[in-house]
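This report concerns only the one structure given below.
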Amino acid sequence: MQVRMVQHAVGQGGLFSGELTGQGKPLRWVYDCGSNQRDALRREIKTVAGGGDIDMLFLSHLDSDHVGGVDELLGQVKVREVVLPYLNEQIVLATMARDASSGALSGTFVEATNDLAAWFGSRGVETITFVGGPEEEDGGDGPSLPIDPSDGREGECRPKWTQPPQAATELIADPNLTKARPAGTAMMMQVAPGAAVQLVTPTGAINWALIPYVHMPSAKQMRAFEQALEDAFSKPLDKKAIVASAKDPDVRDKLRDCYDALWLDHNLITMTLYCGPLKPHHAEVSVSRFRHHPDWWHELGGWMLTGDAHLDGLRRRQGFLRYYQRVTPLTNVLMLPHHGSIHNHSDLVLDAMPELIVGYAAAGPNSYGHPHDDVTDAVNGHRRAHFHRVSKHRSHQLEMRVQIP
């Protein structure tokens, strides 16, 4: 079996695709789909869509530079399941408030979040799965991985959640469980914190998994935001009505004022994703643009995707490292969070990945100083890693191929 993973050159944004080929049809997954450089994004969406149906689309969070191309992607290729971080009404309103504060709140976003099941379902998605985050940022006990990776290479491979998804009943769009689901509406499910995706065959599981981890806003921040909403919109709050009327300029102004309660944490919620082996193995690994480096001797094939995770914060970083402690030693490629921002970076994350080959920033032309020089220097100062910038030019894309033994 072979895995091919690509960070596509879309500039200031993100579009990652993975594909496992073996017996039967390929298994494909994507992480994020957005960019501020629209021409590059359209070019790469066409490439991804040309590869065939997508089994799972993971969306780290709802910033436009991470999801702005989703509608176009869904219009070109079948996506069976969309995976999102847990979004209740309060978190959706907080995201709207954040976007309203920066003038980035779009009508498409309002339409989609007002009825996610209908919006995604009308575009061919069968299931939306929400991943919960831990109540405390301690990482819990790590991912649930009950299936021992064994000699499961015979037969067609499929993704399987390690905790059974349950009907989502507390989210922004009610799945209407009391009657038959309307045609063209996606089923809405949720999995508990710790759920992961193992790749299974009729004879077992292969040594490969997709492991999401959700960083949630702090309870203190959300209480402050709830109070701000009550002050602006009065009690009792009708959050669904506020979401539905978010195109109204007066409502946007109120949401913008409420955001002051959350301003210290721009990226309210994000979902990271590890793609790689669960056990050490000496796989054949090649990384485009770097494959001839003489110091690589123990490649394993793990790729860590971080979205806009705030790994500079002590509690979030500790939770992230504890949750992924089983697989950080197996990680060869790291997406530097928030396009290489110094405000999301910690050298301790690099230190937890002794087999790191490449640390990269998905960063096109921008006014934010991404990637920061201190971040690039930290990666290049790692014992054998190299920094790489994935810009909008296709020649800068990063690709890794792993031959699973």
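Taking the listed residues PRO193, PRO202, the one that is out of contact with any strand residue (DSSP E or B) (no Cβ under 8 Å at 6 or more places or on another chain), open to solvent by 50 Å² or more (accessible area, probe 1.4 Å) and modelled with pLDDT of 80 or more is PRO202, with no other qualifying. I'd like to check something: does region 26-36 contain any residue that is in a helix (DSSP H, G or I), farther than 15 Å from SER391 by Cβ, out of contact with any Cys (no Cβ under 6 Å at 6 or more places or on another chain) and open to solvent by 20 Å² or more (accessible area, probe 1.4 Å)? Taking every residue of region 26-36 in turn, none turns out to be in a helix (DSSP H, G or I), farther than 15 Å from SER391 by Cβ, out of contact with any Cys (no Cβ under 6 Å at 6 or more places or on another chain) and open to solvent by 20 Å² or more (accessible area, probe 1.4 Å).
Quick check: anything in region 349-372 in contact with a helix residue (DSSP H, G or I) (Cβ under 8 Å, 6 or more places away or on another chain), assigned to a helix (DSSP H, G or I), at pLDDT 95 or above and open to solvent by less than 20 Å² (accessible area, probe 1.4 Å)? So far as region 349-372 goes, yes, one or more of its residues are in contact with a helix residue (DSSP H, G or I) (Cβ under 8 Å, 6 or more places away or on another chain), assigned to a helix (DSSP H, G or I), at pLDDT 95 or above and open to solvent by less than 20 Å² (accessible area, probe 1.4 Å).
Looking only at residues in region 115-146 that are in a loop (DSSP other than H, G, I, E, B), at pLDDT 75 or above and of a type in the set (Gly, Ala, Ser), which one is most open to solvent (accessible area, probe 1.4 Å)? Steps first, answer last, please.
Step one: filter region 115-146 for residues in a loop (DSSP other than H, G, I, E, B), giving 115, 122-126, 132-146.
Restricting the remaining residues to those that are at pLDDT 75 or above gives 115, 122-126, 132-133, 141-146.
Narrowing further to those that are of a type in the set (Gly, Ala, Ser): 122, 124, 132-133, 142, 144.
Details: SER122: 79, GLY124: 28, GLY132: 13, GLY133: 17, GLY142: 16, SER144: 37 Å².
Selected residue: SER122.
For region 74-97, residues that are under 22 Å from PRO159 (Cβ atoms), aliphatic (A, V, I, L, M) and more than 16 Å from the chain's Cα centre (by Cα) total 2. Of the residues that make up region 258-266, is at least one modelled with pLDDT under 80, assigned to a loop (DSSP other than H, G, I, E, B), open to solvent by less than 70 Å² (accessible area, probe 1.4 Å) and not basic (Lys, Arg)? Within region 258-266, one or more residues are modelled with pLDDT under 80, assigned to a loop (DSSP other than H, G, I, E, B), open to solvent by less than 70 Å² (accessible area, probe 1.4 Å) and not basic (Lys, Arg). Filtered by the rule that a residue be out of contact with any helix residue (DSSP H, G or I) (no Cβ under 9 Å at 6 or more places or on another chain) and modelled with pLDDT of 75 or more, region 79-114 gives ARG80, GLU81, VAL83, TYR86. Touching a Pro at 6+ places or on another chain (Cβ under 6 Å) and on the phi < 0 side of the Ramachandran plot, is that true of GLU44? For GLU44, the condition - touching a Pro at 6+ places or on another chain (Cβ under 6 Å) and on the phi < 0 side of the Ramachandran plot - is not met. Scanning region 6-17 for residues that are part of a strand (DSSP E or B) and buried (at least 24 other Cβ atoms within 10 Å of the Cβ) yields GLN7, GLY13, GLY14, LEU15, PHE16.
ARG326 passes every criterion in (1) out of contact with any Pro (no Cβ under 7 Å at 6 or more places or on another chain); (2) under 28 Å from PRO405 (Cα atoms); (3) surrounded by 24 or more Cβ atoms within 10 Å (Cβ to Cβ) apart from (3).
So, in region 43-59, exactly how many residues are open to solvent by 20 Å² or more (accessible area, probe 1.4 Å) and in contact with a strand residue (DSSP E or B) (Cβ under 9 Å, 6 or more places away or on another chain)? Total satisfying the criteria: 4.
The values are calculated or read from the model by the stated rules, or taken from the named source; none is laboratory data. Because the structure is a prediction, the values reported are computed rather than measured. Because the Cβ atoms are built from the backbone with ideal geometry, glycine has one as well, and the counts that use them run over all protein chains shown. Side chains included, ligands, DNA and RNA excluded: accessible areas come from the protein's heavy atoms. Shrake-Rupley method; radii C 1.70, N 1.55, O 1.52, S 1.80 Å.
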